[in-house]
C-alpha cells in the first residue's frame with residue numbers, strides 16, 4: 001500500500017511538473033511567493049527542510065506536516081504598509097487509523113480601499129482588491145525517516161471588476177535523520193491551472209522547484225540551512241535594462257556566479273536555551289534584484305526573527321529587508337490545543 005502511494009505521488013509530480021512549470025516571462029498570483037509565516041520570513045523567505053516542528057512550515061513543503069502537529073492552530077500576520085496586510089490561519093489533526101496528518105489553511109492579502117477612476121481620472125467609487133488561497137494538506141511517513149505530502153489549493157483573486165481563480169497543488173518529500181540532526185527536503189509548488197482569467201487570457205502560476213538541507217551541530221545549539229529555489233530554471237534574476245540605463249546609465253550583465261548564487265537562501269537558527277530561538281537568513285536573489293546601484297543598500301536581502309516558547313503557546317516575530325529603507329514585519333502565534341502524552 002505504501003509503495004503504491006509513493007508511486008502515485010511521483011506520478012502526480014511528473015504530470016503536474018509538465019503542466020505547471022514557468023520557464024520564462026512572468027506569472028500571476030505572485031502573492032503565493034510571499035512567506036506566510038514569520039519563521040520562514042526570518043529564514044530568508046524560503047525554507048523546505050528545517051525541523052523546528054512549526055505547523056505553518058507545511059505551506060512551504062507539505063511533507064513538513066507531521067503527526068506531532070495534531071491539535072495545533074496558528075495565526076500569522078504580515079504588515080507591508082498601513083493598508084496592506086496579509087492574514088494567515090492554520091489548523092492540523094492526525095487520523096491514526098489511516099496514519100495520515102491533515103492541515104487546513106487560509107491566506108488573505110488585503111490591499112485596503114482604492115479609488116476607482118475612469119480613463120479621464122474621474123472618481124467612480126471605491127473598490128477593495130484582495131488575493132486569497134485556501135489549502136488542504138495531507139502528509140504521511142514511510143520507514144521512520146521519510147515523509148511525503150501533498151497540498152491542494154484554491155486561489156481566488158479580485159481587483160475591482162477583474163476576477164480570476166485557479167486550482168493548484170504542492171508536493172513534498174523529506175528525509176529526516178534524528179540521530180544526526182539532519183534533514184533534506186524537496187518540494188514542487190504551485191502546479192496547476194486557472195479556472196477563470198482576468199481578461200480571457202491564460203497565464204502561468206509561479207511554479208517553484210526547490211531542494212534544501214538543514215543540519216544542527218551535535219555539540220552546539222546551532223542549525224544551518226541551505227535552500228536552492230527555482231532550480232528548474234538557471235537564470236532567474238529579473239533585469240530591467242531600460243530602467244537601469246535611463247536612471248543609472250548602466251546595463252549590468254548577469255554573470256555565471258550571480259546566476260548560480262541567486263538560487264540560494266542561507267539561514268541559521270541559534271537555540272538560546274529552551275525558550276528562545278534567534279533566526280537569521282540571507283536571500284541572494286532578493287539582494288541582487290533590489291539593490292540600487294551607486295547607493296548604500298544596507299541590509300537588503302537580510303532577514304531575522306525571534307521565537308519565544310511559552311508552554312503550549314509560541315510567539316514569533318521577524319523582519320525582512322527588501323531595501324535600505326523598506327522592510328516588512330511579521331508576527332505569529334501558535335497554540336497546541338491538545339497536550340502530548
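The values are calculated or read from the model by the stated rules, or taken from the named source; none is laboratory data. Source: prediction; values computed, not measured. Backbone-built Cβ (ideal geometry, glycine too); neighbour counts: all protein chains shown.
Brief remarks on what is shown
- Residue list for the range 53-64, restricted to those being touching a helix residue (DSSP H, G or I) at 6+ places or on another chain (Cβ under 9 Å) and over 19 Å from residue 313 (Cβ atoms): 58, 59, 60, 64
- Residue within the range 84-98 that is over 25 Å from residue 169 (Cα atoms) and in contact with a strand residue (DSSP E or B) (Cβ under 8 Å, 6 or more places away or on another chain) present: yes
- Unique residue being more than 16 Å from residue 69 (Cα to Cα), modelled with pLDDT under 95, assigned to a strand (DSSP E or B) and within 20 Å of the chain's Cα centre (by Cα) when the list is 328, 317: 328
- Complete set of residues in the range 115-135 that are assigned to a strand (DSSP E or B) and either under 14 Å from residue 78 (Cβ atoms) or under 27 Å from the mean Cα position of the chain (by Cα) (or both): 130, 131, 132, 133, 134, 135
- Qualifying residue in the range 43-59 (condition: free of Cβ contacts under 8 Å to residues at least 24 places away in the same chain and crowded, with 24+ Cβ neighbours inside 10 Å): yes
- Flag for residue 50 being touching a helix residue (DSSP H, G or I) at 6+ places or on another chain (Cβ under 8 Å), more than 20 Å from residue 161 (Cα to Cα) and in a loop (DSSP other than H, G, I, E, B): yes
- Among (1) in contact (Cβ under 8 Å) with a residue 40 or more places away in the chain; (2) touching a helix residue (DSSP H, G or I) at 6+ places or on another chain (Cβ under 9 Å); (3) outside any loop (DSSP other than H, G, I, E, B), the one test that residue 90 misses: (1)
- Inclusion of residue 255 among residues that are out of contact with any strand residue (DSSP E or B) (no Cβ under 8 Å at 6 or more places or on another chain), within 24 Å of residue 211 (Cα to Cα), modelled with pLDDT under 95 and exposed (fewer than 12 other Cβ atoms within 10 Å of the Cβ) is warranted.
- Assessment of the range 193-203 against the conditions (out of contact with any strand residue (DSSP E or B) (no Cβ under 9 Å at 6 or more places or on another chain) and at pLDDT below 95) yields at least one matching residue.
- Cβ-Cβ under 7 Å pairs, at least 6 apart or on other chains, the range 98-110 side outside any strand (DSSP E or B), far side buried (at least 17 other Cβ atoms within 10 Å of the Cβ): 99/140
- Candidates 337, 313: the one that is within 14 Å of residue 75 (Cα to Cα), surrounded by fewer than 15 Cβ atoms within 10 Å (Cβ to Cβ) and without any contact (Cβ under 8 Å) to a residue 24 or more places away in the chain is 313.
- Test: residue in the range 116-137 that is over 30 Å from residue 82 (Cβ atoms), touching a residue at least 24 places away in the same chain (Cβ under 8 Å) and touching a strand residue (DSSP E or B) at 6+ places or on another chain (Cβ under 7 Å): yes
- Test: residue in the range 292-299 that is assigned to a loop (DSSP other than H, G, I, E, B), within 30 Å of residue 174 (Cβ to Cβ) and modelled with pLDDT under 95: no
- Lone qualifier among 52, 27, 75 - being within 18 Å of the chain's Cα centre (by Cα), modelled with pLDDT under 90 and within 27 Å of residue 183 (Cα to Cα): 52
- Residue match in the range 279-289 (condition: surrounded by fewer than 13 Cβ atoms within 10 Å (Cβ to Cβ) and either modelled with pLDDT under 95 or closer than 26 Å to residue 85 by Cα (or both)): no
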